[in-house]
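Report on the structure given below.
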Amino acid sequence: MAKDIYSQSSEDEEMLLIRDRMELFRVSSRGVSSTWVPKVLVLTGLRKEAVASILSISGKTLDRYLAAPVTLPPSSSELLIKITELYKKGAKVLGSLENFRAWMSKPSFGLTGLIPVTLLTTASGIDLISEELGRIEFGDIA
């Protein structure tokens, strides 16, 4: 499977597009820079407090990460990468980022009535949302 991975520089780290799980494992194991957080904030439209909660850190810790970038632990790195990929897929499937953001904030029948954004706290939750997008994309019950 082809990989489409952008180069990373220390000053202006690009957000990765990861196309297989092994590459996800490798990149998240090394950790990504906390400079990803502002990019995820813009992409998702989520508040800083919500992203801190998703990453299981305090708002103050997130502020420190933003003030002096650090390499995030693997678990936080994996979540940020998967969220980035999810929002790209969602925008494609639903026609726009705005449509996807709106969908993320409403109960989803295919997710047993859960509000998708509440599932962003774990990799398996993100996978459930991605699977639901796949069903929508191919015309299954959504």
### Query
Looking only at residues in the stretch 114-133 that are exposed (fewer than 15 other Cβ atoms within 10 Å of the Cβ) and charged (D, E, K, R), which one is nearest to Leu46 (Cα to Cα)?
Asp127
### Query
For the stretch 92-113, what are the residues that are crowded, with 16+ Cβ neighbours inside 10 Å, over 18 Å from Trp36 (Cβ atoms) and hydrophobic (A, V, I, L, M, F, W, C)?
Val93, Leu94, Phe100, Trp103, Met104, Leu111
#### Entry: Boolean, Val37 is under 12 Å from the mean Cα position of the chain (by Cα) and either acidic (Asp, Glu) or under 21 Å from Ile126 (Cα atoms) (or both)
yes
### Summary
Restricting the stretch 49-77 to residues that are closer than 18 Å to Pro116 by Cα and not hydroxyl-bearing (Ser, Thr, Tyr), the one surrounded by the fewest Cβ atoms within 10 Å (Cβ to Cβ) turns out to be Glu49
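Only the coordinates and a few stated rules stand behind these numbers; no lab work does. Just so it is clear, the structure is predicted and the values come from calculations on it, not from any experiment. Cβ: placed from backbone, ideal geometry, glycine included. Neighbour counts: every protein chain shown.
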